[in-house]
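Written out below as structure tokens is the structure these notes cover.
Each reported figure results from applying straightforward, stated rules to the coordinates on display, with no laboratory input. Keep in mind that what you see is a predicted model, and the values were worked out from it rather than measured. Methodologically, a virtual Cβ is constructed for each residue, glycine included, from the backbone with ideal geometry; neighbour enumeration extends over all protein chains shown.
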Amino acid sequence: MKLTIPYLNTTLPLEFPDENLLAVAEPNDFTVALSPEAILQESMGAGGKTGQALETFLQGSSRVLIIINDATRPTPTETMLGVLRPIFEQAGLQSENLTFLVATGAHRGPTEEEYRQILGVHYNTLRTRCVHHDARKDEDMVDLGTTRNGTPILLNKRIFEADRIIVTGSVEPHYFAGFTGGRKAFLPGIAAYKTIQANHKQALSPQARSLALEGNPVHEDMMDALPLIKAPVFSLMTVLDKEQQVAAASAGDLMASFYAAVEIARKIFCVSIPAKADIVVSVAKFPMDIDLYQSQKAIDNGAIALKDGGTLILVSSCRDGIGDAAYAKLLAAASSPADALERIRAEYKLGYHKAAKMAAVSARATVKAVTELPAERLKSMFIESAPSPQNALDEAITKARAQGVVTPKILILPDGCVTVPDSEG
């Protein structure tokens, strides 16, 4: 079996005997005959099946806020803006009527290069109308109370300065929110730091997992924030295929369009595999390879399909480092994965949910990583550094055979951040 693994601007080879292959699990094919632009236009023509048309929604508006994703998401914002802008013009809206707010959550603001990545051909005309959310600027927040779980709800004041709000995004599985998209644009997208911290603490619950919405306290927090937003909201959600091209779109009512996208996302990203594997190679594709904080999703999804005592190999450049440092500091201070989990239970800070998910995997399996991160930094987080996917796989096979596994079975996840394996055995 010969494969190539994407890494930065190149590919890395991987080879092993055919008899060792369990499966190459990619998002399922979802064939559409329309272009991305046509899919988006069709979804908005009459609000799709989930609400009024955008032209109708915009009538009488003069201050429109458009919430867009940051550079850590594969959302096709450039394409979406190409479809939205003519509708804005038809509604008589000029650039001064529009504000684009980048929903960074607790992430840093985009670099100028990332603004070019997000806006694409619209950069020159729309960049001056773009601002990014800063979760740490308390003066930018409005206090709206608390959720049923006690999470304080503080959201960016710009949503109360607009007479219309348009939310754009993409929907795929999320390892503790159930799914991305929709309601997530507001919380955590434009929420205060302490709101995000309290919400993400809910990720320690066993109900906070990929694909789960009902009974998921993280999702419940997001839902509780929505009735507090006074301006009308129009949503445009996309679902991408395995090539990160637009496979489907839904528009109109925020939650109706979200749930419509969720159903399609389940069909694309939930992938059946014949059994759990001895070795999982999970790849974090661009743009999720930006840092270890984002790439961890590939570890979490890979772990679903991994036998206890097996080896999980993450392939991700982590080109921007580790991301938020809190989880890394917690892991580095712990003597073992079990110790890390005890420390998290004793005191929670934003990012510790990430440490908890990583420690839980390291407690039952070997985790190796092919990244640009220093080996010592990885070791402090209970991850073994590997110079190449081939080296990591060869060592994993040797280890499995030493444990008595005659033919170690290998699962490849070429898009590990969004592929959710479903074991049949």
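Couple of notes before you dig in:
- Ordered by the number of other Cβ atoms lying within 10 Å of each residue's own Cβ, fewest first, L8, L54, L81 fall into the sequence L8, L81, L54.
- Placing a pseudo-label 7 Å from each Cα along the Cα-to-Cβ vector at E15 and Q390 gives an inter-label distance of 0.6 nm.
- Separation in nanometres of the label points that stand 7 Å from Cα toward Cβ, at L3 and A333: 3.7
- Amide H partners (placed H, <5 Å) of S423, local residues excluded: I273
- ³J(HN,Hα), Karplus 6.51/-1.76/1.60, whole Hz, each residue of the stretch 231-240, x for Gly, Pro: 6, x, 10, 10, 10, 10, 10, 10, 10, 9
- Ordered by the count of other Cβ atoms within 10 Å of each Cβ, fewest first, V262, V121, V218, V83 give V121, V83, V262, V218.
- Backbone N under 14 Å from the Q403 label point (7 Å along Cα→Cβ), restricted to the stretch 270-284: 276-281
- A375-Q59 FRET efficiency (beta carbon distance; Förster radius 51 Å; 0.05 resolution): 0.30
- E243/D143 FRET efficiency (R0 35 Å; Cβ-Cβ; nearest 0.05): 0.25
- Amide H contacts for I66 (H built 1.01 Å from N in the peptide plane; partners 5 or more residues away or on another chain; cut-off under 5 Å): T99, F100, L101, I166.
- Pairs spanning more than 18 Å between alpha-carbon atoms, out of K354/K409; K157/K194; K307/K329: K354/K409; K307/K329.
- Working note: Karplus 6.51/-1.76/1.60 with θ = phi - 60° gives the stretch 252-262 the couplings x, 4, 4, 7, 5, 5, 5, 5, 5, 5, 4 Hz, where Gly and Pro are set to x.
- Percentage relative contact order, the chain, counting C-alpha pairs under 8 Å, at least six apart: 20
- Mean Cβ neighbour count within 10 Å, used as a protection proxy, ranking 313-320, 349-356 highest first: 313-320, 349-356
- Placing a label point 7 Å from the Cα of M223 along the Cα-to-Cβ direction, the residues of the stretch 266-284 whose backbone N falls under 20 Å from that point are 266.
- Computed from backbone phi, the HN-Hα couplings of the stretch 371-387 come to 8, 8, 6, x, 4, 5, 5, 5, 4, 5, 10, 6, 10, 8, 7, 10, x Hz, rounded to whole numbers (Karplus: 6.51 cos²θ - 1.76 cosθ + 1.60, θ = phi - 60°; Gly and Pro given as x).
- Ordering of 267-278, 133-144 by packing is 267-278, 133-144, highest average first (other Cβ atoms within 10 Å, averaged per residue).
- Ordering R343, R148 from the fewest to the most neighbouring beta carbons within 10 Å gives R148, R343.
- 222 nm mean residue ellipticity, helices alone, for the chain (DSSP H n ≥ 4; -39,500 (n - 2.57); rounded to 500): -9000 deg cm²/dmol
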